[in-house]
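Visitor: Before anything else, here's the structure in question.
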Ligand code: GLC
């Protein structure tokens, strides 16, 4: 077992440089948590973890703090493609930014044109693997995330067959199984990589995520429950039979949250900071939030909050319908987020119909999000599927009691009647019933505060997850060398 373990962590996005969704939080936090594990807590191993992400246009625009590291080229059938690599430090974590024509060709992190993304992320994945050679830094583990980096795992296996990267193990973590990526047959061929004979279903054997899953030494996902769900027809998106064949290499490790950035005791976005001991002060955040939103400033009306990307996955439509079903109850609601136009419109329509109690704030607003966590009473998260979910953990840390669909990471982080409320079926009726349950408990201050305090006492730190990842890396490495 090496005394230093080199891990290259690959993702399309990483906080604080570029963030679209929860993947960025993970890529921003987990590598740092791994680096800061004391060696004595993980069998004397020192982790040299480094991150690589594409040099997206949004990063290029403010690239002044980036240091040029190296440039090289990748052979491609229609002419070599230049790769430029830059580096920045996020605290002491080295983050590499991989730039080149295919990255520049798409103006956004994820474009709406599959052919641009197919080439961009094939290039990124292959260039990242080659970067380790250019740096003379031999990775023990390639830890790729989602389809955007999956081809690094695929290419690694083909290279291992050729005797290269012999000691390098691979992990592919799934954050979103339905996003398999576009057909990359042509892209792979152009970079000289064949399509392997696989046991994947026909429709999947040309797509990056399935190819990566096929090639990975270990398949990861971000909660134990989702790891089980992936093996079922309901959640497996047609890959369940394939995944079942590999169930022994599948591990679900719960994400953490950044306990320093998300801390109600110090969060500057809040009107009043508070802890579990000074919970009464939280009422002032609720009043401020009601005031800001132009809702009646009444401490006794339960305030429901949603902070979410507006996507079918997140079940915002279920919440809108459920709220209609419980209009006989006293409540107010704030819905914050952007995304799918239809869902945005539906949220606005609910506000138009119930202007005295509903606010649809259709934008990305990190500050308001924190004020919702720190001021609202109940947090709704009715996701149809949720590999992990971060907002419910942040909500609990801020004393906002979650009502969640009993799926994936939601089920693994929210404890019924102890820290929140769960419902089994993703339907408006089931959600409405769970909200009613919460509304019934709400007036009982002691019981409600117990729910809040239990939530605030949960350990959602990354350190716990990081230790599990080291154990996973070690077991994969020992299999590779045995
Ligand atoms: C994706 C998943 C979400 C998870 C996040 C980070 O966004 O949908 O459940 O929390 O990735 O792993």
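Visitor: Given a Förster radius of 30 Å and the C-beta distance between residue 20 and residue 259 as r, what FRET efficiency does 1/(1 + (r/R0)^6) yield to the nearest 0.05?
Guide: The formula returns an efficiency of 0.85 here.
Visitor: Assuming 0.36 nm per residue, please report the length gained on full extension of the stretch residue 36 to residue 111 beyond their Cα-Cα distance.
Guide: Once the chain is fully extended between residue 36 and residue 111, it gains 23.5 nm.
Visitor: Next question. Could you check the spin-label model distance between residue 352 and residue 183? Points 7 Å from the Cα along Cα→Cβ, value in nm.
Guide: Calculated label separation equals 4.1 nm.
Visitor: Further question on the same structure: Compute the long axis of helix 316-325 from its Cα atoms, compare it with the longest principal axis of the Cα atoms of the chain, and write down the angle in degrees, 0 to 90, nearest 10.
Guide: The angle comes out at about 20 degrees.
Visitor: Given the Cα-Cα distance of residue 58 and residue 345 and 0.36 nm per residue of separation, how much length would full extension add, in nm?
Guide: Here the answer is 100.6 nm.
Visitor: Students often get this wrong: which residues of the stretch 339-383 have the backbone nitrogen under 17 Å from the point 7 angstrom along Cα-to-C-beta of residue 268?
Guide: Once the point is set 7 Å along Cα→Cβ of residue 268, 366-371 turn out to lie under 17 Å by backbone N, inside the stretch 339-383.
Visitor: Where both residues lie in the chain, what percent of DSSP beta bridges are antiparallel, nearest 5?
Guide: 25
Visitor: With r defined as the distance between the Cβ atoms of residue 482 and residue 196 and R0 fixed at 30 Å, what FRET efficiency is calculated, to the nearest 0.05?
Guide: The calculated FRET efficiency here is 0.80.
Visitor: Let me ask another. Using a/c under 1.5 as the rounded threshold, could you call the stretch 279-459 rounded, prolate or oblate? The axes a ≥ b ≥ c are square roots of the C-alpha gyration tensor eigenvalues, and prolate needs a/b larger than b/c, oblate otherwise.
Guide: rounded
Visitor: Still on this structure, I have one more. To the nearest 10 degrees, how steep is helix 428-441 against the longest Cα principal axis of the chain, on a 0 to 90 scale?
Guide: Here the helix axis deviates by roughly 60 degrees.
Visitor: Of 221, 168, 132, how do they rank once you tally other Cβ atoms within 10 Å and put the fewest first?
Guide: Lowest to highest Cβ neighbour count: 132, 168, 221.
Visitor: Evaluate the relative contact order of the chain (contact order divided by residue number), counting alpha-carbon pairs under 8 angstrom at least 6 apart; express in whole percent.
Guide: 13
Visitor: Next question, about the same structure. Just subtract the alpha-carbon distance of residue 70 and residue 244 from 0.36 nm times their residue separation and send over the number in nm, one decimal.
Guide: 58.5 nm
Visitor: Among 164, 146, 258, what is the fewest-to-most ranking by other Cβ atoms within 10 Å?
Guide: The order, fewest Cβ neighbours first, is 164, 258, 146.
Visitor: Treating the angle as unsigned and between 0 and 90°, give the value, to the nearest 10°, between the Cα long axis of helix 341-353 and the longest Cα principal axis of the chain.
Guide: 10
Visitor: For residue 279 and residue 91, what does the FRET efficiency come to when R0 = 25 Å and r is the distance between their Cβ atoms, rounded to the nearest 0.05?
Guide: In this case the efficiency is close to 0.20.
Visitor: When the convex hull of the Cα atoms of the chain is projected onto a plane and the area is averaged over all directions, what value comes out in nm²?
Guide: Directional mean of the projected Cα hull area for the chain stands at 22.1 nm².
Visitor: While we're on this one: For the stretch 140-205 and the stretch 335-367, write down the distance between their C-alpha centroids in whole Å.
Guide: Rounded to whole Å, the Cα centres lie 39 Å apart.
Visitor: Report, in deg cm²/dmol and to the nearest 500, the calculated mean residue ellipticity at 222 nm for the chain, where each DSSP H run with n ≥ 4 adds -39500 (n - 2.57) and the sum is divided by the residue count.
Guide: Theoretical 222 nm ellipticity from helices: -12000 deg cm²/dmol.
Visitor: Sticking with this one: If you rank 368, 303, 158 by fewest surrounding Cβ atoms within 10 Å, what's the result?
Guide: 158, 368, 303
Visitor: Moving to a separate point now. Looking at the square roots a ≥ b ≥ c of the eigenvalues of the Cα gyration tensor of the stretch 395-482, which shape do they give, rounded for a/c under 1.5, prolate if a/b is larger than b/c, or oblate?
Guide: It is oblate, given that a/c is not under 1.5 and a/b is not larger than b/c.
Bear in mind these aren't lab numbers, they're just calculated from the coordinates by the rules spelled out. Since the structure is predicted, the reported quantities are computational estimates derived from the model, not experimental observations. Glycine also receives a Cβ, built like all others from the backbone with ideal geometry; neighbour counts cover every protein chain displayed.
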